[in-house]
Amino acid sequence: MDIFLIFISAAIINNFVLAYFLGICPFLGVSNRIDSAFSMGMAVTFVMAITGPATYLINHYILIKFGVEYLEYVSFIIVIAALVQLVEMFIRKVSPPLYRAMGIYLPLITTNCAILGLALFTALRPYNFVQSVVFALGSGAGFTLALIIMAGMREDLDFADVPGPLKGAA
Amino acid sequence: MAALKNNNLWEEFLKGLWEQNPVFKFLLGMCPTLAVTNSVINGLAMGSAVVFVLLCSNVAVSIIRKIVPHQVRIAVFVVCIATFVTVADLFLKAKFPDVSKALGPYVPLIVVNCIILGRAEAFASKSSVRRSIFDGLGMGAGFTLALLLLGTVREILGSGTLLGIEILGGYFERWVIMVLPAGAFLTLGVLIGIFNLLSKGKKTQDSAGGCHTV
Amino acid sequence: MMLKSLKMIVVLTLAGLLSGGFLTVVYKKTLPEIEKRRLEALQEAIFVVLPQAVDYKETEIEGENFYQGIDKNGQDAGIAFLVKGPGFQGEIKMMVGITQDLSKLQNIYILESIETPGLGGKITGDDFQRQFKGLSIKDRIELIKRGRGRRFEAAAQEATVEAITGATISSRAVVDMINRKIARVKEVLARGE
């Protein structure tokens with residue numbers, strides 16, 4: 001499967017947020033300003049780039065090898081939680097200002113459906129390792145794109161006259 | 001004393017249906033709400049699965065709430081939830097394979113359904129088993145209610161059927177957009193708008209602790 | 001501090017072990033039924049692609065599984081086999097049935113696919129799969145893009161399939177994997193005779 005095609009299809013045609021409805025919670029919560037949307041998008045892409053291939057490896061070299069595919073969900077979510085924790089600690093050490101800037105978003109990413117969704121989709125598809133990395137990057141890019149588009153619209157909507165009940169959650 | 005407790009339990013259940021409806025008020029559990037509501041049956045199936053997992057995890061978390069160290073609580077809760085989701089998934093694959101196929105990857109995504117982790121963290125980890133059961137049932141019912149509403153609108157307008165049965169006849173031009181992602185967003189938006197309008201009078205200060213407090 | 005860390009590790013490990021153990025039990029209990037469903041789906045597919053068959057016999061030659069169809073008179077009713085391969089979005093799995101003399105395709109039935117809904121997803125629809133009925137497989141099946149108007153029935157004499165508009169990749173994937181498999185099937189069966 002063409003690498004370029006995998007990237008484009010994950011980012012645009014089969015956009016995680018707009019086509020698969022993954023990652024809606026942060027989508028609705030963080031998309032009111034473009035810069036926070038961008039930060040969240042970058043954080044998610046970064047985590048995806050690590051967890052996608054990681055879960056690929058776990059799936060192929062442990063789950064399938066030992067015939068315990070039914071432990072997929074449990075093992076994936078543990079890996080994701082652990083990786084997010086590690087990423088958080090890593091960023092804290094390496095760049096405290098960066099950590100402060102996106103600090104709150106990081107733990108939220110663990111429960112982001114998009115991450116687990118990425119892991120599950122990667123397991124479903126006949127990609128090899130390199131393709132799974134590209135798929136992860138493409139999905140992250142698509143997520144960021146959707147968030148930014150939404151943030152752009154919401155920033156504009158702030159100035160519009162929207163009827164009370166349609167302003168969002170109570 | 002017993003009567004008072006029963007009232008409170010009943011209230012725990014009811015609040016999930018309206019005042020603190022996880023979908024319409026707190027915008028939790030959006031992923032499945034949008035994804036599987038293209039037909040009422042799918043919405044019902046997803047709702048039932050979530051009620052099952054929510055109930056089991058609320059009970060489990062409530063039982064172990066005093067032994068789990070604070071720092072690892074999220075990890076432990078999440079393992080619990082993933083376990084029950086796997087059980088639900090295996091059960092569906094064995095007994096209702098068509099439903100399993102229709103719901104597809106959204107069954108394992110119940111693991112990261114904000115509602116379940118949100119309730120575990122905000123409620124079950126601080127409450128008795130009994131109250132957790134009722135809270136779980138209420139929130140699950142509220143969620144299922146939201147799914148049914150959305151599913152009904154989308155199925156009738158998008159496919160002209162209800163539960164698979166033709167009810168609108170050939171003269172009605174199907175709004176195909178309703179069964180596509182765009183229709184899901186639109187319908188949800190309108191429903192939230194209606195919900196806000198109807199609940200303008202009742203202002204509630206309770207927080208249900210969504211994803212944001214995790 | 002040490003004790004706290006220890007407690008965390010113990011609790012986590014315990015949680016993991018309990019979960020794993022519990023799930024293994026549930027898995028073992030549900031396995032027979034899940035297997036039954038899988039077999040049912042497989043059988044249903046065989047009877048769709050071999051319309052004359054009322055029974056079948058499974059054989060294996062050189063690592064390839066074949067389902068020999070048997071009609072109501074006990075005669076051979078064609079051969080069915082699974083075809084798997086990468087589509088646009090994920091793996092496509094289908095059952096293909098050919099005539100006993102290996103000259104024509106009887107039918108195909110897509111078992112699993114996760115192509116783009118509304119586009120590539122149409123490969124599971126009647127319009128697309130119908131084109132394969134009665135196709136000649138003496139040579140490769142060709143995929144053509146839209147151009148010659150409605151030719152769903154006329155294509156039966158030739159060996160062409162019209163691609164789904166907007167889903168060339170999914171359509172091509174299906175045709176390619178069928179061609180590859182049929183070539184292999186012919187090869188294996190020729191040696192087996």
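The values are calculated or read from the model by the stated rules, or taken from the named source; none is laboratory data. Since this is a predicted model, take the numbers as computed values, not measurements. A quick note on method: Cβ atoms are made from the backbone with ideal geometry, for glycine too, and the neighbour counts reach across all protein chains shown. Just the protein is used for accessible areas: all its heavy atoms, side chains included, with ligands, DNA and RNA removed. Shrake-Rupley method; radii C 1.70, N 1.55, O 1.52, S 1.80 Å.
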Cα long-axis angle, helix C:168-192 against chain C (0 to 90 degrees, to the nearest 10)
80
Output wanted: per-residue J couplings in Hz (rounded whole) for segment C:92-103, from phi through Karplus 6.51 cos²θ - 1.76 cosθ + 1.60, θ = phi - 60°, x for Gly and Pro.
10, 10, 9, 9, 10, x, 10, 6, 4, 7, 6, 9
On a 28 Å Cα-Cα criterion, which of the cross-link pairs B:LYS101/C:LYS138; C:LYS57/C:LYS181; C:LYS36/C:LYS84 come out too long?
B:LYS101/C:LYS138
Measure of exposure for C:PHE66: accessible area at 1.4 Å probe, Å² rounded to 10, is 10
Taking the convex hull of Cα positions in chain B, its mean projected area over all directions (nm²)
13.5
Taking each full run of DSSP H in chain B as one helix, which ones are at least 15 Å long along their axis (Cα atoms) and have mean Kyte-Doolittle hydropathy of at least -0.5?
B:40-64, B:73-95, B:129-159, B:181-198
In segment B:23-123, trypsin sites (Lys or Arg not before Pro) in a DSSP loop with at most 10 other beta-carbon atoms within 10 Å
B:LYS66
Highest mean first, how do C:9-16, A:113-120, A:92-99 rank when packing is the count of other Cβ atoms within 10 Å averaged over residues?
A:113-120, C:9-16, A:92-99
For the protein assembly as shown, the dipole about the Cα centre with charges only on Cβ (Lys and Arg +1, Asp and Glu -1), to the nearest 20 debye, works out at 1460
Which value, in Å to one decimal place, does the Kirkwood hydrodynamic radius take for segment B:63-136 when every pair of different Cα atoms is included?
13.4
At 1.567 mPa s and 4 °C, Stokes diffusion of segment B:18-63 via Kirkwood alpha-carbon radius, µm² per second:
111
Row for segment B:1-104, column shape: gyration tensor on C-alpha, a ≥ b ≥ c, rounded if a/c < 1.5 i.e. under 1.5, prolate if a/b over b/c, else oblate; value oblate
Under Karplus coefficients 6.51, -1.76 and 1.60, residue-wise ³J(HN,Hα) of segment A:52-59 in Hz, glycine/proline x:
x, x, 4, 5, 4, 4, 4, 4
Taking N as the residue count of the protein assembly as shown, its alpha carbon Rg divided by 2.2 N^0.38 Å gives 1.05
Calculate what fraction, in whole %, of the accessible area of segment A:1-92 sits on carbon and sulfur atoms when a 1.4 Å probe is rolled over the protein chains.
72
Of A:LEU124, A:LEU57, A:LEU22, the one that fluctuates the most in a GNM where chain A has Cα springs shorter than 10 Å
A:LEU124
Listed residues C:THR165, B:THR152 arranged by accessible area, highest first, probe 1.4 Å
C:THR165, B:THR152
Among B:LEU90, B:ILE67, B:CYS56, the residue whose Cα sits farthest towards the positive end of the charge dipole of segment B:24-159, when +1 is placed on the Cβ of each Lys and Arg and -1 on the Cβ of each Asp and Glu, is B:ILE67
On the principal axes of its Cα set, how long, how wide and how thick is segment C:15-64? Give whole Å, largest value first.
54, 25, 13
Mean 1/r over all different Cα pairs, inverted: what Kirkwood radius does segment A:66-155 give, in Å?
15.0
What does the net charge come to around A:ILE34 if you take all other residues with beta carbon closer than 13 Å to its beta carbon, with K and R at +1 and D and E at -1?
-2
Would you mind telling me which residue in B:SER48, B:SER199, B:SER128 has the biggest mean-square fluctuation in a Gaussian network model of chain B, where springs connect alpha carbons within a distance under 10 angstrom?
B:SER199
Can you find, among A:ILE115, A:PRO53, A:VAL17, the residue farthest towards the positive end of the dipole of chain A? Put +1 on the C-beta of Lys and Arg, -1 on that of Asp and Glu.
A:PRO53
Ranked by GNM mean-square fluctuation in chain B (Cα springs under 10 Å), the top entry among B:LEU137, B:LEU28, B:LEU191 is B:LEU191
Under the Karplus relation 6.51 cos²θ - 1.76 cosθ + 1.60, θ = phi - 60°, what is the ordered set of whole-Hz ³J(HN,Hα) values for segment C:30-45, x standing for Gly and Pro?
8, 3, x, 5, 5, 4, 4, 4, 5, 5, 4, 4, 4, 5, 4, 5
With Cβ to Cβ distances under 13 Å as the rule, what net charge do the other residues near A:ALA10 carry (K, R +1; D, E -1)?
0
Using Cα pairs closer than 8 Å and at least 6 residues apart in sequence, work out the relative contact order for chain C, in percent.
14
Can you compute log10 of I(q)/I(0) for chain A with the Debye formula, treating each Cα as one identical point scatterer, at q = 0.08 Å⁻¹?
-0.26
Expressed as a percent, the portion of alpha-carbon pairs in segment C:1-141 spaced more than 28 Å apart is 40
Inter-probe distance in nm under a simple model that places probes 7 Å from Cα toward Cβ, at C:ARG140 and B:LEU148:
5.5
Its Cα gyration tensor gives segment A:57-119 an equivalent ellipsoid whose semi-axes in whole Å, largest first, are 28, 12, 7
